Every structure is written in structure tokens, then in C-alpha cells.
1. Across the stretch 91-114, which residue is modelled with the highest pLDDT among those that are loosely packed, with under 13 Cβ neighbours inside 10 Å and part of a loop (DSSP other than H, G, I, E, B)?
2. Please state which one of Val143, Val70 is under 27 Å from Leu55 (Cβ atoms) and β-branched (Val, Ile, Thr).
3. Give just the number: which of (1) touching a Gly at 6+ places or on another chain (Cβ under 6 Å); (2) farther than 17 Å from Phe60 by Cα; (3) in a loop (DSSP other than H, G, I, E, B) does Gly88 not satisfy?
4. Considering only residues that are of a type outside the set (A, V, I, L, M) and part of a loop (DSSP other than H, G, I, E, B), look in the stretch 49-85 and name the one that is nearest to Asn32 (Cα to Cα).
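The values are calculated or read from the model by the stated rules, or taken from the named source; none is laboratory data. What you see is a predicted model; the values in this text were computed from it and never measured. Methodologically, a virtual Cβ is constructed for each residue, glycine included, from the backbone with ideal geometry; neighbour enumeration extends over all protein chains shown.
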Amino acid sequence: MSNNDTTNKFNPMFWMKNPGNTPKGDHRDFVNPDLIPWTDWLMPGTRFKLLMCDLVSGNFTLLLQVDPGVKAAVHWHLHNTEAFILEGGFYYEDSDDKGYKGYYTCESAGAIHEPFTSPEGVTMFAVSHGPIGGYDDDGNLAVMADARLHYYMARDNNAVEYTTVVDYTHSTTSLHK
């Protein structure tokens, strides 16, 4: 097939020249997180504000707040989780590498650990690119914290009005009920 063949699907003549606009509907482009109530998270002394929940890819974005001195349960990152520390800090028991206000971290896919919060606690902006598996004290998988679980927890707390929800049905409200 020649480069001049107009039936070639890779020929620029077949590329979309104007993608148009996505209907805005009730979607908000900008959200003030102060309007979102805190929702109790999966461990005592933890809470979150769900900012974005992608039910197609499983990604979710949240603000996470953890009380001072909390030791997280052992958990497994099935995908990368990125965090930017807004207040306080956290660290891992087996490392002198600690994160404080203004620090960024990427907890890599496959990481299994149990972080500790600093004496000030921690508030962070976190983007999880997939689920996080939480284990009980006997080493059994106790919870799979995915996008849908976070959505349902926030919904049950009346805390999804300002959450950007991505699913297969654009502009649906069926998950909001």
C-alpha cells in the first residue's frame, strides 16, 4: 500500500479534524474541597474527601487525613499511588527516609508496607491508579480498597455532590442515588 493511498487508515485525511465539545451537564470543572465533608476511612483515625472517582479505570483521587501516631495496617499497592503531603508527615518503620509537608512520593505498584504518621498526623493529596489491598493481623486479605468502594463510602456519608465521577454512562446520576 502506498503512502498516497486514501484508503489507508493511518492517512491524515481520515483523522478527526474537530473533536467538538463534551456536553458539560452538571459536571463541575473546579471544586472547593472545603465543601466536601470528611468521610471515615478504613482504619480508626483516618478520613478522606473523594475528589475524583473513575469507575472505568479504577483510579481515584482524594484528600486523606490521618491522626497523629497512627500505624496503618499492612497494605499492598496493586498499582502506583502518588501523594503530596500538605501537612504533617509519615514514614516507614524500616527506613530513615521520611516525608514531610511539601514532599512528594510514589508508592510503587507491588509495594507492601505499613506506614506511620508523624506526631502531627498527616494530610495528603493522593492519586491511586488502582486498588489497594488491606490485610488483617493474620495476614489475610481483608479489603480491596478500589474506586467503587471509595465512591460508596463517600456516597453513604452524603459526600459525593462535588466528586467527579467517571463511568461508562456519561452524565448519569444512577450511582448518586
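1. Gly102
2. After ruling out the rest, the residue left standing is Val143.
3. Here Gly88 clears every test but (3).
4. Applying the filter and picking the extreme gives Asn59.
Residue-by-condition table, conditions (1) in a loop (DSSP other than H, G, I, E, B); (2) within 18 Å of the chain's Cα centre (by Cα); (3) modelled with pLDDT of 95 or more; (4) not small (Gly, Ala, Ser):
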{"position": "Phe116", "(1), (2), (3), (4)": "no, no, no, yes"}
{"position": "Gly121", "(1), (2), (3), (4)": "no, no, yes, no"}
{"position": "Met124", "(1), (2), (3), (4)": "no, yes, yes, yes"}
{"position": "Gly134", "(1), (2), (3), (4)": "no, yes, no, no"}
{"position": "Asn158", "(1), (2), (3), (4)": "yes, no, yes, yes"}
{"position": "Val165", "(1), (2), (3), (4)": "no, yes, no, yes"}
